[in-house]
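The block underneath contains the structure these notes are about, expressed in structure tokens.
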Amino acid sequence: MRVTGTGHAGMLIETAAGSILCDPWVNPAFFASWFPFPDNSGLDWDRLGRCDYLYVSHLHRDHFDAEHLRRHVSKRATVLLPEYPTRDLEDELRELGFTSFLRTRDNEPVTLDGELTVMIQALVSPTDGPIGDSSLWVEHNGVRLLNQNDARPRDLSAFAALGHVHAHMLQFSGAIWYPMVYELPEAAKRAFGVQKRDRQFDRTLRYIDELAADWVFPIAGPPCFLDDELWPNNDLGTDKGNIFPDQQVFIDHYEGLGRRNGVILLPGTAATVTSDTCDVTQPVPDVPAFFAGKETYLREYQQRQRPAIEAAKASWRHPELDVLAELRRRLHPLLAESEHIVGGIGGPVRLELTDDAGQVAEQILFDFPAREIRHAGDEKVRYRFRTARRLVEHLLFTGEADWVNSLFLSCRFTAARIGQYNEYLYTFFKCLTRERLHYAEAWYAGQDSDDADITLGDWLVQEHCPHLKANLARFARLDGTVLTCQMHGWRFDLPTGRCLTTAGHSIRASRIDTDAHAADQAAGGVA
């Protein structure tokens, strides 16, 4: 099995039974804020696009590049489609000209032509990507590969059950706006960044240890930020609080733990994986030296992309739109049909729109309890967003259904909040169509209780995290009476069960009577 890196989470998997192109991304994403790192625009994309199968893991635009798919990927390719609850991904690909789809079933292997076997695991909670994320398992001639990209499954047992995996591709770097956009003192922001970066590495290592593949490929990040105003988001090796460490930083950390099976997959890297070996050819003569020269490389990349950034900015302004009226027209029907999400948000949210000078020109209140959008007065809010008016104009002009997959991931905004992170708020802003909203409402309504318990230290705790059901036997970390789920970093106060990260999602926990527990164990009982 031959794997050619195409940048970020992208790769071409070639076997004697066919080839699979995964997540090809080239063009800037999220309001021209994210760019692939390293630059992959010089690859022979017409050759890479002559694939037998196409796999797009999900609709985030650093995985789904519509312009590139339209221009460079053969429409004869069969799309390997995850079993998602909505048709958004298939509809988008059909609009680009793809007509052949293999609708896989979740966690069910399917054998294609020439004994090429694939399996896709789809994650389908409203908080997984834009209504979905997925991983691809591939087997041919006894060699197995898992492209986990940036999906975060509860566990990898479904893949491990199919046989020993030889190559494991997974995310290690950040892909979020936290904590950079929050209006916090720099020292606090850096401390939160250090925590998040540590959690990212810890989560990656847990997945690696669980699957125990022969070879590990850190992928799906980081992006780079070439607009001057976003330049500080790049990790240039001087800030341990930067959440976007690059591949070499992770490999150095990984090897510092005594592990020697990591492989950096750059655009153009070719790795031939067998059941016993992994032969790698890199597109640069010295990979560590390439990363050591990262700042110079990025400055040159920035100059090449500056015209594209300026052209994008010139396209965002739509002064003919009445922002408030358009928000009311589009979102009032959704607010009227939402129960769980509106109830979970629980209060008003203020959106501040700035002019070209960066001054607040208009304030809009999303009054979720009243299910109304209006001009803001002096209402107290626990959440506030501030962004350029032209960005919201563009969202409304294009009919964007997912502000998370556009505005928020762009990092072209600031935020302030009092209290905890609110998952429901961001779920609302990624579900701005009736189909998505109704699915999210049904998902929240149908969450089953967790009746099983496990022992963690001196505590009896429900087995799965209340957030996205991660197995706490694997992902929990105890610090006194605070439990942190390392899957997404959610924290819980065990004596009260209260979630310290967001409203709702309390955990069931009770302290074990250690003397009684020891006596029970001695008598052969089970706690």
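Some observations on this one:
- Residue match in region 405-413 (condition: open to solvent by 20 Å² or more (accessible area, probe 1.4 Å) and either under 23 Å from Leu321 (Cα atoms) or without any contact (Cβ under 8 Å) to a residue 12 or more places away in the chain (or both)): yes
- Restricting attention to region 1-32, the residues that are in contact (Cβ under 8 Å) with a residue 40 or more places away in the chain, surrounded by fewer than 24 Cβ atoms within 10 Å (Cβ to Cβ) and among the hydroxyl-bearing types (Ser, Thr, Tyr) add up to 2.
- Picking from residues in region 118-128 that are of a type outside the set (A, V, I, L, M) and open to solvent by less than 10 Å² (accessible area, probe 1.4 Å), the one that is nearest to Ser275 (Cα to Cα) is Ser125.
- Subset tally (residues that are surrounded by fewer than 24 Cβ atoms within 10 Å (Cβ to Cβ) and touching a helix residue (DSSP H, G or I) at 6+ places or on another chain (Cβ under 6 Å)) for region 136-155: 1
- When Trp137, Trp177 are screened for being at negative phi and over 17 Å from the mean Cα position of the chain (by Cα), only Trp137 passes.
- In region 223-256, residue nearest to Leu48 (Cα to Cα) [restricted to those that are of a type in the set (Asp, Glu) and modelled with pLDDT of 95 or more]: Asp246
- Scoring Gly221 on the criteria (1) among the small types (Gly, Ala, Ser); (2) under 22 Å from the mean Cα position of the chain (by Cα); (3) within 23 Å of Ala476 (Cα to Cα) leaves a single failure, condition (3).
- Restricting the search to helices (runs of 4 or more DSSP H) fully inside region 298-413 and requiring at least 2 residues that are of a type in the set (Val, Ile, Thr) gives 340-345, 389-398.
- Condition broken by Arg94, with the remaining ones in (1) under 27 Å from Trp403 (Cα atoms); (2) open to solvent by less than 40 Å² (accessible area, probe 1.4 Å) satisfied: (2)
- The set of residues in region 165-215 that are among the hydrophobic types (A, V, I, L, M, F, W, C) and in a loop (DSSP other than H, G, I, E, B) comprises Val165, Phe172, Ala175, Ile176, Trp177, Met180, Val181, Leu184, Ala212, Ala213.
- If the condition is being within 25 Å of Thr414 (Cβ to Cβ), open to solvent by 40 Å² or more (accessible area, probe 1.4 Å) and in contact (Cβ under 8 Å) with a residue 12 or more places away in the chain, then region 309-346 contributes Ser315, Arg317, Pro319, Arg328, Arg330, Gly346.
- Close pairs (9 angstrom Cβ cut-off, 6 or more residues apart or separate chains): assigned to a strand (DSSP E or B) in region 416-443, of a type in the set (A, V, I, L, M) and open to solvent by 50 Å² or more (accessible area, probe 1.4 Å) anywhere: Ala416/Leu184
- Hits in region 347-357 (condition: open to solvent by less than 60 Å² (accessible area, probe 1.4 Å) and either modelled with pLDDT under 95 or of a type in the set (A, V, I, L, M) (or both)): Val349, Leu351, Leu353
- Single residue of Glu83, Glu115 found to be surrounded by fewer than 22 Cβ atoms within 10 Å (Cβ to Cβ), touching a His at 6+ places or on another chain (Cβ under 7 Å) and within 24 Å of Glu14 (Cα to Cα): Glu115
- Residue match in region 257-278 (condition: at pLDDT below 95 and under 30 Å from Ala470 (Cα atoms)): no
- Helices (runs of 4 or more DSSP H) enclosed by region 36-143 - at least 3 residues per element that are hydrophobic (A, V, I, L, M, F, W, C): none
- Residue pairs meeting the criteria (Cβ under 6 Å; at least 6 apart or on separate chains; first surrounded by 15 or more Cβ atoms within 10 Å (Cβ to Cβ) and of a type in the set (A, V, I, L, M, F, W, C), in region 170-199; second at pLDDT 95 or above and assigned to a strand (DSSP E or B)): Leu170/Gln148; Phe172/Pro218; Val181/Thr414; Val181/Ala415
- When each of Leu472, Leu456, Leu395 is tested for being crowded, with 19+ Cβ neighbours inside 10 Å, without any contact (Cβ under 8 Å) to a residue 40 or more places away in the chain and out of contact with any Ser or Thr (no Cβ under 8 Å at 6 or more places or on another chain), the lone residue that passes is Leu472.
The values are calculated or read from the model by the stated rules, or taken from the named source; none is laboratory data. Since we're looking at a predicted model, the values are computed, not measured. Here Cβ is always computed from backbone atoms with ideal geometry, including for glycine, and neighbour counts include all displayed protein chains. Ligands, DNA and RNA are stripped out before the accessible areas are found, and what is left, the full protein with its side chains, is counted by its heavy atoms. Shrake-Rupley method; radii C 1.70, N 1.55, O 1.52, S 1.80 Å.
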